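Peer 1: Dropping a structure here in structure tokens format, bear with me for questions.
The values are calculated or read from the model by the stated rules, or taken from the named source; none is laboratory data. Because the structure is predicted, anything quoted here is derived from the model rather than measured. With ideal geometry, Cβ positions are generated from the backbone for all residues, glycine too; neighbour counts draw on all protein chains shown.
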Amino acid sequence: MPFNSLIFIGFFTFFVIVYYSVGTTNRKNIIALAGSYIFYAYAGISSILYLLLITIITYSTVRALKKNKVNKAFFPVSIISIILLLISSKYLNDIILQIVNIDRANFYSDSLLFTVGISFYSLQAISLIVEVAKNRYSDHFTFRKTALFISFFPQSLAGPIHRPQELMPQFLKPKQFNAENIVVGLKTLLFGFFIKLIVADKIALVILPVFEKWIEADGVSLIIAILFYSLQIYFDFWGYSLIAIGLGRILGFNIKINFNHPYAATSFKEFWHRWHISLSEWMRDYIYIPLGGREKGYGYFLIAVLVTFLISGIWHGLTFNFILWGILHAILYLLEDIKRRYTKNIFLSDIILFRLAKQVFFFVLISFTWLLFRTENINDLFGIIGKIFIHMESWSFETSNTYYLTDVNIYYILIALLTFSLSHTKFVERKINNIPTLRWQRVTDSVFICFCLISIILLGDIGSQEFLYFKF
């Protein structure tokens with residue numbers, strides 16, 4: 001049940017009515033759990049089975065740890081079990097695809113073997129086990145509370161990945177119908193849909209013919225397509241993050257920010273503090289630090305960085321492209337670290353234009369690493385790279401094939417660039433989070449809401465393209 005679908009909008013509307021029609025917090029949690037399982041059941045029986053298995057393993061482990069019925073040295077067995085379930089869900093699918101020769105897109109749309117959200121809620125389950133085992137979180141665990149923590153649908157589809165300290169206490173707080181939460185939540189939801197349907201999805205349509213016919217495309221068009229694919233990922237993930245936050249806010253929950261202007265970064269270290277923040281923190285706390293981090297010496301640091309990024313790549317998918325993406329990010333991260341160790345900051349770093357130039361350079365660099373996500377196989381990857389950097393005749397502006405730059409597409413590109421610029425100001429944040437009190441504020445708020453709503457109604461193709469992170 002994708003967030004950007006009419007059936008989800010109908011489901012959530014009905015869910016909110018039922019949720020606020022019951023009085024006690026306990027009953028609201030029961031409704032939230034039932035709604036979450038209905039949400040997952042829509043994806044097929046395997047989604048429910050995997051969700052139940054991981055919940056049972058997690059609950060049994062934390063209960064045993066709390067009652068000291070199991071040696072803490074054995075809790076990794078539960079983690080390994082969850083990882084094996086994750087692997088079987090994600091990669092057994094790929095094996096079956098190869099054996100029976102089913103198209104991947106059709107498989108993910110229709111197959112009962114697809115388990116929605118498992119990449120995210122499995123990490124959240126592991127987080128709960130580790131936090132309890134390390135005595136960093138203590139609570140009176142019930143199966144229902146554990147099940148709700150793992151399955152809570154506004155954030156389980158594609159993150160953010162919450163720690164128990166962040167989400168569990170919110171299930172205990174009374175949730176009364178609050179006009180401010182509803183208004184702010186709806187505005188956040190609306191703008192998230194605008195970002196997804198009017199910006200991300202339209203950019204995808206602009207660059208699609210370039211990637212489909214990359215053999216015929218010129219170098220200039222390929223570079224433009226790569227840069228705009230980077231923007232597509234940016235807007236797609238930002239749109240999803242806003243929708244998740246909006247859904248949570250309507251229900252009275254604070255869903256953590258998972259995305260903080262990543263293309264304002266000037267380094268890979270800064271980028272991973274801004275992009276998919278909860279996944280980066282999870283990888284840091286549960287893989288990088290246990291492997292030694294910087295504490296045990298530079299050799300351990302090198303291994304920890306390489307293993308962490310390699311696992312991050314495999315988490316996205318067990319293909320050469322994703323593995324290479326993880327290794328490439330590790331190498332670039334380590335090269336940056338070496339540069340910082342042996343060079344000093346120069347006064348230019350304090351100059352705004354110099355930082356802007358570094359941001360532009362980093363954006364181009366990170367955009368080329370995203371090409372590993374966009375290409376289906378290594379042949380396409382190296383073919384595109386070769387056409388850009390080896391066959392220089394393809395750079396000729398006279399032969400540039402700009403068939404994709406129609407009047408409509410140029411309009412979408414301008415909307416994307418304007419939205420990208422506004423995303424780095426306080427304009428959007430103020431429009432979403434502030435409740436207008438003055439007349440002029442109410443007028444500008446109304447214009448903002450009407451623009452988003454009319455654009456979605458007239459131009460949005462609801463449900464036509466799933467969120468990019470949905471397939472992970």
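Peer 1: In region 350-377, which residues are surrounded by 12 or more Cβ atoms within 10 Å (Cβ to Cβ) and at pLDDT below 85?
Peer 2: 354, 355
Peer 1: Do we find a residue being part of a helix (DSSP H, G or I) and hydroxyl-bearing (Ser, Thr, Tyr) anywhere in region 264-274?
Peer 2: no
Peer 1: Step by step: first the residues of region 1-29, then only those that are polar (S, T, N, Q) and within 22 Å of the chain's Cα centre (by Cα), then the one that is modelled with the highest pLDDT. Which residue is that?
Peer 2: Let us first name the residues in region 1-29 that are polar (S, T, N, Q), namely 4-5, 13, 21, 24-26, 29.
Still in the list and also within 22 Å of the chain's Cα centre (by Cα): 4-5.
Working: 4: 77, 5: 83.
Within region 1-29, the match that is modelled with the highest pLDDT is 5.
Peer 1: Going through 319, 308 one at a time, which residue ends up being among the polar types (S, T, N, Q), over 14 Å from the mean Cα position of the chain (by Cα) and at pLDDT below 90? Before the answer, list the steps.
Peer 2: On the way: 308 fails: at pLDDT below 90.
Result of the check over 319, 308: 319.
Peer 1: Based on this model, can you work out whether residue 257 counts as in a helix (DSSP H, G or I), surrounded by fewer than 21 Cβ atoms within 10 Å (Cβ to Cβ) and hydrophobic (A, V, I, L, M, F, W, C)? Let's see the steps before the verdict.
Peer 2: Numbers: in a helix (DSSP H, G or I): no; surrounded by fewer than 21 Cβ atoms within 10 Å (Cβ to Cβ): yes; hydrophobic (A, V, I, L, M, F, W, C): yes.
For residue 257, the condition - in a helix (DSSP H, G or I), surrounded by fewer than 21 Cβ atoms within 10 Å (Cβ to Cβ) and hydrophobic (A, V, I, L, M, F, W, C) - is not met.
Peer 1: For region 380-396, does any single residue satisfy the condition of being at pLDDT below 75, closer than 24 Å to residue 257 by Cβ and more than 28 Å from the chain's Cα centre (by Cα)?
Peer 2: Checking region 380-396: not a single residue is at pLDDT below 75, closer than 24 Å to residue 257 by Cβ and more than 28 Å from the chain's Cα centre (by Cα).
Peer 1: Given (1) at positive phi; (2) at pLDDT 90 or above, identify the lone condition not met by residue 162.
Peer 2: Of (1) at positive phi; (2) at pLDDT 90 or above, only one is false for residue 162: (1).
Peer 1: Could you tell me which numbered condition residue 215 fails, if it satisfies all but one of (1) surrounded by 23 or more Cβ atoms within 10 Å (Cβ to Cβ); (2) farther than 30 Å from residue 20 by Cβ; (3) touching a Gly at 6+ places or on another chain (Cβ under 8 Å)?
Peer 2: Unmet condition: (1).
Peer 1: Report yes if some residue within region 37-55 is farther than 17 Å from residue 141 by Cα, touching a residue at least 60 places away in the same chain (Cβ under 8 Å) and outside any helix (DSSP H, G or I); otherwise report no.
Peer 2: Yes - at least one qualifying residue is present in region 37-55.
Peer 1: Related question: Scan region 171-205 for residues that are under 22 Å from the mean Cα position of the chain (by Cα) and either assigned by TED's automatic domain parsing to the domain that holds residue 141 or β-branched (Val, Ile, Thr) (or both) and report the count. Spell out the reasoning first.
Peer 2: The initial filter retains those residues of region 171-205 that are under 22 Å from the mean Cα position of the chain (by Cα), namely 184-205.
Filter once more, so that each one left must be either assigned by TED's automatic domain parsing to the domain that holds residue 141 or β-branched (Val, Ile, Thr) (or both): 184, 188, 195, 198-199, 203.
Residues in region 171-205 being under 22 Å from the mean Cα position of the chain (by Cα) and either assigned by TED's automatic domain parsing to the domain that holds residue 141 or β-branched (Val, Ile, Thr) (or both): 6 in total.
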